[in-house]
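In what follows, a structure is listed as structure tokens, so that the remarks can point back to it.
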Amino acid sequence: MAEPAIHFAVPFAAFTALGLKPELAFLFSLLALTPDLDVLFHYHRSISHSLIPWVIFTMPLLVLNWESGSVNVIILALLALTSHILLDLTGYTPILYPIVKDSYRINVNFDMHFGSSPKFKFDLRVMSRPTTFKPIESLDAQLFTGEGLLISLILLAPTLLSLIKRI
């Protein structure tokens, strides 16, 4: 499961790399955190972690706003939400629920061994299991780990440094 700091930092870095102003990238990156608000309803990795409801919700908005400049805003919002869902594929996530009733998890490993001859091993697994939404009594989750904090800081650093230089 990706940490909130990474859920924020990844879209922020992507949006600023695409040329979005840091203030807008900040707002869209906050939006990327919204799928985890399902914990307020005593569930986690619920329907809010599926692309289907988000796409269904945004399609009418896209059609209604096709002629206006709002289309880019809607697409960026959907990309922010999608980044969260994709990052959560390190654990079982109901990414296509309710169309597909399974939750998916992706494991990727690329190992190398250097000895008398180099050996490489690539392992990609897509695993699935039936989706079950169970209420949670409590949630113990790390807001960030040392590794997650460092990755987030590295992703945020270029924009933060450029903002500091402006002052």
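Considering only the range 111-133, I want to know if a residue exists there that is in contact (Cβ under 8 Å) with a residue 60 or more places away in the chain and closer than 26 Å to residue 8 by Cβ. Lay out the reasoning, then the answer.
Kept after step one, since they are in contact (Cβ under 8 Å) with a residue 60 or more places away in the chain, are these residues of the range 111-133: 133.
Pick out the ones that are also closer than 26 Å to residue 8 by Cβ and you get 133.
Within the range 111-133 (the criterion being in contact (Cβ under 8 Å) with a residue 60 or more places away in the chain and closer than 26 Å to residue 8 by Cβ), the answer is yes, since at least one residue qualifies.
Given the conditions (1) assigned to a loop (DSSP other than H, G, I, E, B); (2) at pLDDT below 95; (3) open to solvent by less than 40 Å² (accessible area, probe 1.4 Å), report the number of the one that residue 95 does not fulfil.
(2)
Please enumerate the residues belonging to the range 108-143 that are touching a Ser or Thr at 6+ places or on another chain (Cβ under 9 Å) and either open to solvent by 90 Å² or more (accessible area, probe 1.4 Å) or assigned to a loop (DSSP other than H, G, I, E, B) (or both).
129, 130, 131, 132, 133
Restricting to the range 42-88, and then to whatever is touching a residue at least 24 places away in the same chain (Cβ under 8 Å) and among the polar types (S, T, N, Q), can you tell me which residue is least open to solvent (accessible area, probe 1.4 Å)? If you could, list the steps in order and put the result at the bottom.
Filtering the range 42-88 for residues touching a residue at least 24 places away in the same chain (Cβ under 8 Å) gives 42-47, 49-52, 54, 76-85, 87-88.
Okay, now just the ones that are also among the polar types (S, T, N, Q), so 46, 50, 82-83.
Details: 46: 17, 50: 0, 82: 32, 83: 22 Å².
It comes out as 50.
Counting only residues that are outside any helix (DSSP H, G or I) and without any contact (Cβ under 8 Å) to a residue 40 or more places away in the chain, which one in the range 1-22 is surrounded by the fewest Cβ atoms within 10 Å (Cβ to Cβ)?
Residue satisfying both the conditions and the ranking: 19.
Has the range 23-41 got at least one residue that is among the β-branched types (Val, Ile, Thr), open to solvent by 30 Å² or more (accessible area, probe 1.4 Å), touching a residue at least 24 places away in the same chain (Cβ under 8 Å) and part of a loop (DSSP other than H, G, I, E, B)? Steps first, answer last, please.
Step one: list which residues in the range 23-41 are among the β-branched types (Val, Ile, Thr), which gives 34, 39.
Going one step further and asking which of them are open to solvent by 30 Å² or more (accessible area, probe 1.4 Å), we end up with 34, 39.
Restricting the remaining residues to those that are touching a residue at least 24 places away in the same chain (Cβ under 8 Å) gives 34, 39.
This time we only want the ones that are part of a loop (DSSP other than H, G, I, E, B), so: none.
No, the range 23-41 has no match at all.
The values are calculated or read from the model by the stated rules, or taken from the named source; none is laboratory data. For clarity, every value in this text was computed on a predicted model and none was experimentally measured. Counting neighbours? That spans all protein chains shown, and the Cβs are built from the backbone with ideal geometry, glycine included. Remember, those area values only see protein heavy atoms, side chains included, never the ligands or the DNA or RNA. Shrake-Rupley method; radii C 1.70, N 1.55, O 1.52, S 1.80 Å.
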